[in-house]
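> Can you read through this structure? Questions will come right after.
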Amino acid sequence: MRKFILIFFVAITAITLSMVPCVFGEEEQSAQILIKEDATNLLKEINPDVKIIEVRQSPVKGLWEVAVESKGRKGIVYIDSSKKYLVSGSIVDLKTKANLTQERFIELNKVDVSLIPLDDAIVMGDKGAKHHVIVFSDPD
C-alpha cells in the first residue's frame, strides 16, 4: 500500500511539472528575466547614448528597475516584465509615503569620498582628525 501511495504521488508530481510550460508559456517565462543586454537593446532605440549601470527587480511586481547613465547623468527608469513598456517617474509607497525611486536615486549617486584625490588640497586643522570636511569651489 505504501508503495502504491508513493508511486501515486510521484506520478502526480511528474504530471504537474510537465504542465508548467503549458500554464506559463515560454514567452512569459523568458519575460520574467531582464538582463543588462536586454535593457541596453531596448533603451538604445530611445537613446543611443545610454549606458546601463544596473538592472534589478523593482519594489513593484512586474517592473524591473534599470539604473541608467547618459551624458554623465544618472537616472532610473522601469521596464515591465513583458519588455513592451518603459515607465519613467517615481514609485511612492502609499503606506509610508516614502519615495522609493528618490531613495534609490540618492543611493545610486553617492560619492565615495575616499576616492577623492586630496594630494593638492589645502588642509586646515588636524590631518589626523576623526572627521573631515571636504569643500569644493569653482574659482570661475
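> For segment 115-140, enumerate the residues that are surrounded by fewer than 10 Cβ atoms within 10 Å (Cβ to Cβ) and either of a type in the set (Val, Ile, Thr) or touching a residue at least 60 places away in the same chain (Cβ under 8 Å) (or both).
Ile122, Val123, Val133, Ile134, Val135
> With modelled with pLDDT of 95 or more and either among the hydroxyl-bearing types (Ser, Thr, Tyr) or at negative phi (or both) as the only criterion, which of Lys95, Lys84, Lys110 stands out?
Selected residue: Lys95, the only one of Lys95, Lys84, Lys110 that is modelled with pLDDT of 95 or more and either among the hydroxyl-bearing types (Ser, Thr, Tyr) or at negative phi (or both).
> Just to be sure I understand, how many residues within segment 71-98 are hydrophobic (A, V, I, L, M, F, W, C) and in contact (Cβ under 8 Å) with a residue 24 or more places away in the chain?
6
> Let me ask something else. Considering only residues that are in a helix (DSSP H, G or I), closer than 30 Å to Tyr78 by Cα and without any contact (Cβ under 8 Å) to a residue 40 or more places away in the chain, which ones fall in segment 99-114?
Selection gives Thr101, Gln102, Glu103, Arg104, Phe105, Ile106, Glu107, Val113.
> Could we say that Gly25 is surrounded by fewer than 16 Cβ atoms within 10 Å (Cβ to Cβ) and at pLDDT below 90 here?
yes
> In addition: Please work out which one of (1) surrounded by 13 or more Cβ atoms within 10 Å (Cβ to Cβ); (2) at pLDDT 90 or above; (3) more than 26 Å from Val111 (Cα to Cα) is the condition Ala31 fails and give its number.
With respect to (1) surrounded by 13 or more Cβ atoms within 10 Å (Cβ to Cβ); (2) at pLDDT 90 or above; (3) more than 26 Å from Val111 (Cα to Cα), Ala31 is out only on (2).
> Still on this structure, I have one more. List every residue pair whose Cβ atoms sit under 9 Å apart, with the two residues 6 or more apart in sequence or on different chains, where the first one lies in segment 31-52 and is without any contact (Cβ under 8 Å) to a residue 60 or more places away in the chain and the second, anywhere, is open to solvent by 100 Å² or more (accessible area, probe 1.4 Å) and small (Gly, Ala, Ser).
So the pair list comes out empty.
The values are calculated or read from the model by the stated rules, or taken from the named source; none is laboratory data. Note that the structure is predicted; figures quoted are calculated from it, not measured. All Cβ positions, glycine included, derive from the backbone under ideal geometry; neighbour counts span all protein chains shown. All accessible areas refer to the heavy atoms of the entire protein, side chains included, with ligands and DNA or RNA removed. Shrake-Rupley method; radii C 1.70, N 1.55, O 1.52, S 1.80 Å.
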